[in-house]
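The values are calculated or read from the model by the stated rules, or taken from the named source; none is laboratory data. Fair warning: this is a prediction, and the values are worked out from it, not measured in the lab. As a convention, Cβ positions derive from the backbone with ideal geometry for all residues, glycine included, and neighbour counts pool all protein chains shown. For accessibility, only protein heavy atoms count, side chains too; no ligands or nucleic acids. Shrake-Rupley method; radii C 1.70, N 1.55, O 1.52, S 1.80 Å.
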Amino acid sequence: MTYDLILRGGRVIDPSQNLDTIADVAFSGGTAARVAPNIEPGPGTDVRDVSGQLVVPGLIDLHTHVYWGGTSLGIDAEEFCRTSGVTTAIDTGSAGPGNFAGFRKHVIEPSAVRILAYLHISFAGIFGFSHRVMVGESEQLRLMAPLDAVEVANANRDVVVGIKVRVGLHASGTSGIVPLDMALEVANEVGLPLMAHIDNPPPSYEEVLARLRPGDVLTHAFRPFPNSPVGPQGKVKAEVLEARARGVKFDIGHGKGSFAFKTARAMLANGFMPDTISSDVHALCINGPAFDQVTTMSKFLCLGVPLSDVIAASTVNAAMALKRPELGSLKPGSAGDATILSIREGTFDYVDVVGEHLTGDRRIVSEGVVLAGRWWHPC
């Protein structure tokens, strides 16, 4: 076989194959081709020495907002992914059925980085989210557009991976949990998972979980009080354990207000690891406290989560939540995406959404990205 690219001599960590070994990784025809020691290049093979670094499947950030220019919270996907090592950015409801066509034409299709999307049930998506204007789109029931959402989801099956809804005091206000029920009807009709945002009550964490189906995703899962998953004496709420047992996925979605070290320490102490680690990066948190995907991953590493589990929560677990098994893996035939990481040692300051600081001794840093079997960054 002729290889287009070989990453030479890195530490390959691929949880989808239970791999943690020093090896070469080869790509051909836009896909992953082989993981083995000392792979021989051909005359035209691009060989990159990554010895001393980590090679992992292309990172998947399950919660981003990348409708740059189309919504006030959108950030530039390519710029973000270059620095954060992300090869697949999942936009979670920036666009609804009324403006998804523009998102697709002007952002998704031109992007070098893969962008997939949860379609918002609100007609215009998250349209009023800025420093000066903050509108809970789900409070406006007249903007809920189930018929339009079904049509747009069905017409964009190649990039729409699920339905998004935001509920909570800030997102749905006096409409409470009604938008979630409407979104579930849409998700059932199109046969796709739902991602539910939750903020302050009402509704309660427990009320939201009670409605979610196997395969649905609760984002902002490690929220601070109120609406924390932790009950009295630091125990995980019974409803949380019941939801996980029936197949509900728990996603971090750090963002501006949705991740607390106190909650994370309690959940991890109870053996409750999130299914997926995501940044919820947007215009109001890209300069802190979330910053990016690798910073969010670093926080979990410094909280004592094993490196392989941190990688799994940003690769294979996210791919399974998306029902896209070709992603998040370096198996032959998988998407030809990889992220090159290093772990720097030192003293690093991390902050959560309530202002608590954590001094960590390690930081995960992106050193390079492979997209579709070609070296993309840094050039």
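Data overview
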quantity	calculated
Apportionment of accessible area to carbon and sulfur, the chain, percent (1.4 Å)	51
Expected-Rg normalisation [2.2 N^0.38 Å, Cα atoms] applied to the range 159-220	1.02
Rounded to the nearest 20 debye, dipole of the chain from Cβ charges on Lys, Arg, Asp, Glu	320
Diffusion constant of the range 29-131 at 25 °C, which comes from Stokes-Einstein with the Kirkwood Cα-pair radius and 0.890 mPa s, µm²/s	156
Per residue accessible area in Å² of the range 71-201, where ligands, DNA and RNA are left out and the probe is 1.4 Å	37
Anchor LYS256: lysines whose Cα lies under 27 Å away (excluding residues fewer than 8 positions away in-chain)	LYS164, LYS235, LYS237, LYS299
With DNA, RNA and ligands ignored, accessible area of SER228 (1.4 Å probe; Å², nearest 10)	10
q = 0.06, 0.07, 0.14, 0.15 Å⁻¹: log10 I(q)/I(0) that the Debye formula gives for the chain, counting C-alpha atoms only	-0.21, -0.29, -1.15, -1.31
Mean projected area (nm²) of the alpha-carbon convex hull when the range 163-313 is viewed from all directions	8.6
Probe 1.4 Å, protein heavy atoms only - accessible area per residue of the range 255-379 in square angstrom	36
Share of alpha-carbon pairs per 5 Å distance bin for the range 204-251, given as whole %	5, 23, 37, 25, 9, 2
Shape of the range 199-285, Cα gyration tensor, a/c cut at 1.5	rounded
Per-bin percent of Cα-Cα distances, the range 5-88 [10 Å]	16, 38, 27, 15, 3
Ordering of 115-125, 95-105 by burial proxy (mean other Cβ atoms within 10 Å per residue, highest first)	115-125, 95-105
Share of alpha-carbon pairs per 10 Å distance bin for the range 68-127, given as whole %	25, 57, 17, 1
